[in-house]
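Engineer: This is the structure, below, for whatever I ask next.
The values are calculated or read from the model by the stated rules, or taken from the named source; none is laboratory data. Computed from a predicted model, the values in this text were never measured in an experiment. Cβ sites come from the backbone with ideal geometry, for glycine too, and all protein chains shown count toward neighbours.
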């Protein structure tokens, strides 16, 4: 499967990893021979489990998923870590049917309310993504049932309200979707970026049916705090690159040209480096006149790269004024034309916005 296709499949999973961490479902594999809780104890299962990890290192993810599931069966269905790893890999490569099957295998293992909640959430997420992929309402309906089961098992896992709202929006049950989004806003106090996203969904429920950019937040090289929903109303071009990447360096003049030619209040260019060495990155940026927004994510396992599902570079995305995400290719002859159209539309919308009413007799500020 081509990398660009994998990226398109990955990008719908913006919140799963964080949810599993909060729920305590992400387990670390021991480097020792003694199995940790959740790992397989059967000798054959241990061997298959180690083979699956080797497949992971080789990025042969489909084989890794098969072996993790096999190890769980060899272990008598008791290997929680096997299924957690298999599920996350299936989500990452966009095999949502396999992810749903794995999540169903998680349910018999769940012993506590927290574990049941995570298992139901995993199944709900996989079904939702399968629905987006296959455009089948049945998947969205089934995902709603799973998100409700999450809240029955553990009401504090408020991401289920968010997930249910998205699925209901895809079913065009807009009033019910708004109720779920409102329930999320009332309960969540930990994720301001996602709260901004949900507030936008409340105003425009159709956005919940779109492929939206993840609600990322970062601090740029020059100290600016940037968040996706803080950029609402602007067109954003995000370029993932690294100093060690030859094709990235070849694309740099085109990125620079776009940044200079289309510069304006409704357009933002953000370069996200996967460099591990900060000094080398800073020096390269300075020497090459990269005057637009710069951020170093540190590698493919960096927070922003994972949110966008970046598995190879250069990787470039455009985000329109509504936050809708689309893959782009810097070398495409028509990328500037696409950006110009998006910027023109964003500018027209911004110009139509009414000025705030002055209620205290003060004069409007001059910027």
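Engineer: Please work out if residue 322 is under 29 Å from residue 197 (Cβ atoms), modelled with pLDDT under 85, under 23 Å from the mean Cα position of the chain (by Cα) and crowded, with 17+ Cβ neighbours inside 10 Å.
Structural biologist: When the stated conditions are applied, residue 322 passes them.
Engineer: Moving on. So which residues in the range 246-279 are assigned to a loop (DSSP other than H, G, I, E, B), out of contact with any helix residue (DSSP H, G or I) (no Cβ under 9 Å at 6 or more places or on another chain) and over 21 Å from residue 319 (Cα atoms)?
Structural biologist: 276, 277, listed by residue number.
Engineer: In addition: Within the range 198-214, can one find any residue that is outside the structural domain of residue 319 (by TED's automatic domain parsing) and more than 26 Å from residue 321 (Cβ to Cβ)?
Structural biologist: Checked the range 198-214: no residue is outside the structural domain of residue 319 (by TED's automatic domain parsing) and more than 26 Å from residue 321 (Cβ to Cβ).
Engineer: Here are 148, 189: which of them is out of contact with any helix residue (DSSP H, G or I) (no Cβ under 6 Å at 6 or more places or on another chain), under 26 Å from residue 113 (Cα atoms) and assigned to a loop (DSSP other than H, G, I, E, B)?
Structural biologist: 189
Engineer: Let me ask another. Which condition breaks for residue 233 when tested against (1) farther than 30 Å from residue 278 by Cα; (2) in contact with a strand residue (DSSP E or B) (Cβ under 6 Å, 6 or more places away or on another chain); (3) assigned by TED's automatic domain parsing to the domain that holds residue 316?
Structural biologist: Result: residue 233 passes all but (2).
Engineer: Here are the criteria: (1) outside any helix (DSSP H, G or I); (2) modelled with pLDDT under 90. Tell me which single one residue 300 does not satisfy.
Structural biologist: Result: residue 300 fails condition (2) only.
Engineer: Among the residues of the range 338-345, are any more than 16 Å from residue 261 (Cβ to Cβ) and either assigned by TED's automatic domain parsing to the domain that holds residue 256 or modelled with pLDDT of 90 or more (or both)?
Structural biologist: Going residue by residue through the range 338-345, those that are more than 16 Å from residue 261 (Cβ to Cβ) are 345.
Next, from what is left, pick out any that are either assigned by TED's automatic domain parsing to the domain that holds residue 256 or modelled with pLDDT of 90 or more (or both): 345.
There is at least one residue in the range 338-345 that is more than 16 Å from residue 261 (Cβ to Cβ) and either assigned by TED's automatic domain parsing to the domain that holds residue 256 or modelled with pLDDT of 90 or more (or both).
Engineer: With respect to the numbered conditions (1) assigned by TED's automatic domain parsing to the domain that holds residue 110; (2) over 20 Å from residue 106 (Cβ atoms); (3) surrounded by fewer than 19 Cβ atoms within 10 Å (Cβ to Cβ), which one is the sole condition not fulfilled by residue 189?
Structural biologist: So residue 189 meets the others, but not (1).
Engineer: Just need a number here: residues in the range 260-285 that are surrounded by fewer than 18 Cβ atoms within 10 Å (Cβ to Cβ), under 25 Å from the mean Cα position of the chain (by Cα) and in contact (Cβ under 8 Å) with a residue 60 or more places away in the chain.
Structural biologist: Final tally of qualifying residues: 0.
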